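The values are calculated or read from the model by the stated rules, or taken from the named source; none is laboratory data. This one's a predicted model, so the numbers in the text were calculated from it and none came from an experiment. FYI the Cβ positions are ideal-geometry reconstructions off the backbone, even for glycines, and counts take in every protein chain you see.
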Amino acid sequence: MKKSVLAITAVLVLGGAYLLMNKDESANRTEGVYAYVPTTDGKTIPIPYSRPDKAEYVVKQAAHFRDVPTSSATIGIGSQAVIPGWKWVDVANKNPITQRFSNGSKKLVVGETCGVEFGGLITVAEVRGENLFVEYTAPGNPAGTPCPSGVQFIVSKTNFATMNGQYTATRDSIQAEKELVKRLLAQNYYSEPTNAGNWHWVDVVNLDPVVQNFSNGHGYLAYGETCGAGRSDYGDGHVVEGGTIRVRGEANGKVLYEYTARGNPMGTPCPSGILFFGRN
């Protein structure tokens, strides 16, 4: 899932994200596609600004869980494993491969990086000692930073051997959580709204994508992605007022909240309608 898939496992630095969102429009667009947002480890991750095709893509992805290939005692050419979560990989293709964006395409070449996603399939093409040279089949037809089908990269035998088990556990957990969300929403319960408090990151559990606006376009937030809820104070007199939350239901020690934003936020702040689990 993006990070995820787009679930990405990283914590964004709010101040850095805010500064990037307010740079000159041309600076915000690397090849007109995404901005680079700093992370706590001093690196950056690309955040897509516009993904017109993503709504249909994430619906298909959310509704489909790949069958797990039959495990074999010996890993060899043709063995397959399902990707259990987002991971950046170094492209090892001898020949360039096309990477599609919402406004065009570019060529991915050896040494560059892209992200493999939950539900993607890898097939062993070569065995190189304790490492495997694999080819990737993407879930759907991704655009932007996720790897397209056909990307080749190296993975260790140890990691490859654990992937199907990890994928199965994650898949079953996602299915159970989605069923819980459906049951709670079906109760049609709404508590009185309360202040959402100070800024905190939340994991989106919406069953349908929610529009996320940016300064130069829009994207979609889907199940498993993250956004920020609550009030932000950047210490320079600039304050982003937070919104409110309402309880939509509670079960198994989990409370389902719905967020209502103030105004029309752009970028990483959550838009209205985002659902997430939290403490009571």
query: Restricting attention to the range 254-265, does a residue exist that is at pLDDT 90 or above and within 30 Å of Arg66 (Cβ to Cβ)?
result: yes
task: Tell me which residues, restricted to the range 258-273, are over 20 Å from the mean Cα position of the chain (by Cα) and either part of a strand (DSSP E or B) or among the polar types (S, T, N, Q) (or both).
output: Thr260, Asn264
query: Hey, any hits in the range 93-105 for a residue that's among the polar types (S, T, N, Q), closer than 30 Å to Gln175 by Cβ, at pLDDT 90 or above and outside any strand (DSSP E or B)?
result: no
field: Filtered residues of the range 88-130 (kept if more than 24 Å from Gly78 (Cβ to Cβ) and of a type in the set (S, T, N, Q))
entry: Thr98, Gln99, Ser102, Asn103, Ser105, Thr113
- prompt: Could you say whether any residue in the range 242-254 is of a type in the set (S, T, N, Q) and part of a loop (DSSP other than H, G, I, E, B)?
  reply: yes
Exclusive hit being acidic (Asp, Glu) and within 16 Å of the chain's Cα centre (by Cα), set Glu112, Glu117: Glu117
- prompt: Within the range 128-158, can you find the residues that are among the polar types (S, T, N, Q) and surrounded by 14 or more Cβ atoms within 10 Å (Cβ to Cβ)?
  reply: Asn131, Thr137, Thr145, Ser149, Gln152
